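Inspection log for the structure reproduced underneath, given as C-alpha cells.
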Amino acid sequence: MDLFTKFIDTYPVFLKGMLLTFQLTIVSVFIAIFIGLFFAFLKISRVKVLEWIADIYIFLVRGTPLVVQIFIFYFGLTALDISQFWSVVLGLAFHNGAYIAEIFRGSIQSIDKGQMEAGRSLGMTAGLAMRRIILPQAFRRAMPPLGNQFIIALKDSSLASFIGMYELFNVATTYGSNEYDYMSYLLIVAVYYLVLVLIFSILVNMIEKRMASSD
Amino acid sequence: MSESYMIKVEKLNKSFGDLHVLKDIDITVKESDVVCLIGASGSGKSTLLRCLNFLELKDSGNIIFEGEKVEKETHDLNKVREKVGMVFQHFHLFPHMTVLENVMEAPLHVKKLPKDQVKKDAQDLLKKVGLSDKENVYPSKLSGGQKQRVAIARALAMKPDIMLFDEPTSALDPELVGEVLSTMKELALEGMTMVVVTHEMGFAREVADWAVYMHDGRIVEVGHPEDLFNNPKEQRTKNFLDSVL
C-alpha cells in the first residue's frame, strides 16, 4: 500500500522522466538507423578501404563500454557548446549505429542474389535495384532484430543519468536517496520501463504484421 | 554480312578462377530465331546465356548485339540489358510487389514511362499469359507455373528484342511445365528471338530453329533439332541424347 501511494505521489515527476527517456531513445535510434544504413553499405561495398572504415567503427563501439562512450561524447561535445541532450543522443546513436549496421548488413545479404540479378536483367542500375528491390525486402527482414535493438536502446538510455539527465532512472535514484528508500523507487521505475517496453513491443509487432501481409 | 543477326558471339572465353567454363564459343542468333542450348549440367550453357545479357562478363572474345560490339568500357550495359529479357529457373519475382507491380516495375522505374500506359501494357501482358485474375495477388500465392508466366510477362514489359530463358521449367512440378512451354511457344510464333537453355527435348524439337549441344565449355554440335536429335554426328552428342531421351 505504501508503495502504491509513493507511486501516485511521484507520477508527475516520473512521467517527465519517462518523456525524456522516450525522447532520448526515439531521437537516438532514428539517427542510428541512418548511421547503421551508411556503415552497412560500406561493409557490403566490396571496396576494401570502406570495409575497413566500417570494421574499425564497429570494433570501437563493440570494444568499449557504452557508459565510457557516453562520457566521451558528453565531455567532448559539451566542450563544443552542444547541449547535454544532444551529446547523449549522439553518443547513443553512435553506439546503436554499429549494431544496427550489422543488422542491416545481415538482412541485405540474406536477400537471394537472384533478386539483384532479376533487377539488373531488367535494365536497372545496381543502385536502383538496391533501392527498389533489395532494401524493401531487407528492411522487412530487419524489423525483428531492429525492434530488439530499439528496446535495448531504451534501457541503455538510463546511462544518461550518470551525466545528470533527469530521465527515468535518475528520477528513481534521486527519490531513493532523498527519502532513504531506494528499493521502492527502483521497483516503481522498473514498472515504468516494463510499460514502455511493452508499448514498444506491441508497436513493433504491429509494424511487422503489416509488413508481412504480402508474404 | 547484311544478314540481320541479333547477337553474334565470337571466340568467347570465360573462367571462374581456375575453372575454364566457356572455351572459344562462336554462335550467331538471327532475328526471330529460336535457339535451344542443350547439354549436361556444368557444360557452360547457363554461363553462356548469362554472358549474353552481361550478368557475367566475358574474359575475352566479342559479343556483337544488333550490329554493335558491346564492351563494358564503352557501353552502358544497363541500356543493353533493357533490350535483353531474361527468365530465370527460380523465377526471382519480387516478393514484396503484387503480380501487376512486378510487371510494371521496370517500365515505370527504368524507362520512366507514364503510369497509365505502363499499367495498361502490364494488364495486356498478364492477359496474354493468362493471369489477368492474379493482378493484385502477391507471388507467394502463385503456383510455380504461374510465377514463371509472370516472370515472362515482367521481362516482356520492357519490350526486349531478344528473350533469354535459363532452364525455365526445371524448377516446376511436371504438371506445370506445359503451361509455361505453351506461353513460350506462343512467343516464338510471334517472332520473338529466343535463346533457351532447356532439358525439354520435346520443346526443342517442336519450337527451336536450332539446337546447340554444349559439352565441357565448348559447342560440340549445332543443327536443326530433328537432324541433331535423330542423326547426331558427334559421338558425345549421341551419348548425351541417349541419356536424356
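The values are calculated or read from the model by the stated rules, or taken from the named source; none is laboratory data. All values reported here derive from a predicted model rather than from experimental measurement. Please note: Cβ atoms are built from the backbone with ideal geometry, for glycine as well, and neighbour counts cover all protein chains shown. Heavy atoms of the whole protein, side chains included, go into the accessibility calculation; ligands, DNA and RNA do not. Shrake-Rupley method; radii C 1.70, N 1.55, O 1.52, S 1.80 Å.
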**Report entry** Rounded to the nearest 10 Å², the accessible area of B:H109 at probe 1.4 Å
**Finding:** 50 Å²
**Report entry** Dipole in debye (nearest 20) - the range A:3-213, about Cα centre, beta carbon charges: Lys, Arg +1; Asp, Glu -1
**Finding:** 960 debye
Query raised in the report: Based on DSSP, what percent of beta bridges with both residues in the protein assembly as shown are antiparallel, to the nearest 5?
Result: 55 percent
Report summary line: Of the candidates B:V137, B:G44, B:F88, the farthest towards the positive dipole end of the range B:5-242 (Lys/Arg Cβ +1, Asp/Glu Cβ -1, centred on the Cα centre) is B:V137
**Report entry** Surface share of carbon and sulfur [accessible, 1.4 angstrom probe, percent] for the range B:1-146
**Finding:** 48 percent
Report task. Under 15 Å from a label point 7 Å along Cα→Cβ of A:V67: give me every residue in the range A:152-182 with its amide N that close. Result -> A:156-165, A:169-170, A:173
Requested in this report: Provide the per residue accessible area, probe 1.4 Å, for chain B, rounded to a whole number of square angstrom.
Outcome: 44 Å²
Query raised in the report: Quick one: buried accessible area between B and A, total over both chains, 1.4 angstrom probe, nearest 100 Å²?
Result: 1900 Å²
Query raised in the report: Can you list the residues of the range B:42-88 whose accessible area drops by at least 50 Å² going from the chain on its own to the full set of protein chains, with a 1.4 Å probe?
Result: B:N78, B:R81
Query raised in the report: Which net charge results when you count Lys and Arg as +1 and Asp and Glu as -1 among the other residues whose beta-carbon is under 12 Å from that of A:T25?
Result: -1
Report summary line: In the protein assembly as shown, taking the dipole from +1 charges on Lys and Arg beta carbons and -1 charges on Asp and Glu beta carbons about the Cα centre, the listed residue (B:L55, B:M104, B:S170) farthest towards the positive end is B:M104
Requested in this report: Taking the Cα centre of chain B as origin, sum charge times position over the Cβ atoms of Lys and Arg (+1) and Asp and Glu (-1), and report the length of that vector in debye to the nearest 20.
Outcome: 600 debye
Requested in this report: Within the set of other residues whose C-beta is less than 12 Å from the C-beta of B:E206, count the net charge using Lys and Arg as +1 and Asp and Glu as -1.
Outcome: -1
Query raised in the report: What percent antiparallel are the DSSP beta bridges of the range B:111-245, to the nearest 5?
Result: 50 percent
Query raised in the report: Per-residue mean of other chain beta-carbon atoms within 10 angstrom of the beta-carbon, peptide B:89-98?
Result: 5
Report task. Any chance you could look up the accessible area of A:W86 with a 1.4 Å probe, heavy atoms only, rounded to 10 Å²? Result -> 110 Å²
Query - B:K69 accessible area, 1.4 Å probe, all protein chains in place, Å² to nearest 10 - result: 100 Å²
**Report entry** Positions from the range A:166-215 whose accessible area shrinks by 40 Å² or more when the full protein complex is built, not the chain alone, probe 1.4 Å
**Finding:** A:S214, A:D215
Query raised in the report: Just by accessible area at a 1.4 angstrom probe, what is the order of A:L80, A:L168 from largest to smallest?
Result: A:L80, A:L168
**Report entry** Long pairs among B:K11/B:K72; B:K23/B:K79; B:K83/B:K115, criterion Cα-Cα beyond 23 Å
**Finding:** B:K23/B:K79
Report summary line: quick note, chain B, DSSP beta bridge pairs, % antiparallel (nearest 5) is 55 percent
Query - Anchor B:K147: lysines whose Cα lies under 21 Å away (excluding residues fewer than 8 positions away in-chain) - result: A:K113, B:K119, B:K120, B:K127, B:K128, B:K134, B:K159, B:K185
Requested in this report: From other protein chains only, count the Cβ atoms within 10 Å of every residue's Cβ in A:126-136, then give the mean.
Outcome: 3
Query raised in the report: Residue farthest toward the positive end of the dipole of the protein assembly as shown, with Cβ of Lys/Arg at +1 and Asp/Glu at -1: which of A:L154, A:L19, A:I31?
Result: A:L19
Query raised in the report: Placing +1 at every Lys and Arg Cβ and -1 at every Asp and Glu Cβ, with all other atoms neutral, what dipole size does the protein assembly as shown have around its Cα centre, in debye to the nearest 20?
Result: 620 debye
